[in-house]
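These notes concern the structure reproduced below.
Any read-out appearing in this document is the output of simple, stated calculations on the displayed coordinates, not a laboratory observation. None of these values were measured; they are calculated from a predicted model. For neighbour counting, all protein chains shown are included, and Cβ atoms are generated from backbone atoms with ideal geometry for every residue, glycine included.
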Amino acid sequence: MQPLVRSATECIANSVADDPRFLAMARADISDLIVDSIPPCVTRLQAMIDACDRYYGAGSGEAFFVGPYLDILPRAVGEWLAQPSH
């Protein structure tokens with residue numbers, strides 16, 4: 001699961017970093033950019049959800065996505081963006 005979670009999160013973080021609005025706003029306020037980055041990353045997110053369903057049972061992937069994953073996503077994206085290469 002970790003590689004799939006990492007891939008989805010990096011896709012979202014890259015999308016946020018590439019958004020021209022990112023440089024114009026406070027780095028702490030990236031929620032709207034995260035929401036806007038979901039559609040381009042839907043394939044990776046779906047792979048993560050599907051794998052979770054396979055490993056933990058039907059419905060667990062969606063529960064993980066709307067619960068724990070989205071809960072930590074702003075912090076994870078913020079930490080990724082704070083790395084020196086970004």
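For the range 44-86, the tally of residues that are among the β-branched types (Val, Ile, Thr), over 24 Å from Leu23 (Cα atoms) and either surrounded by 12 or more Cβ atoms within 10 Å (Cβ to Cβ) or in contact with a Phe, Trp or Tyr (Cβ under 8 Å, 6 or more places away or on another chain) (or both) stands at 1. Residues that are of a type outside the set (Lys, Arg) and closer than 15 Å to Arg75 by Cβ within the range 9-36 comprise Thr9, Glu10, Ile12, Ala13, Val16, Ala28, Asp29, Ile30, Ser31, Leu33, Ile34, listed in sequence order.
Here the range 1-24 is the region considered, the condition is being closer than 15 Å to Asp50 by Cβ and in contact (Cβ under 8 Å) with a residue 40 or more places away in the chain, and the residue that is surrounded by the most Cβ atoms within 10 Å (Cβ to Cβ) is Ala8. One residue stands out in the range 64-86 among those that are of a type in the set (Gly, Ala, Ser) and under 14 Å from the mean Cα position of the chain (by Cα): the one that is farthest from Arg6 (Cα to Cα), namely Gly67. If the condition is being closer than 11 Å to Leu4 by Cβ and touching an Asp or Glu at 6+ places or on another chain (Cβ under 9 Å), then the range 30-63 contributes Arg44, Ile49, Cys52, Gly61.
Helices (runs of 4 or more DSSP H) fully within the range 20-86 that include at least 1 residues being touching a Gly at 6+ places or on another chain (Cβ under 7 Å): 42-56.
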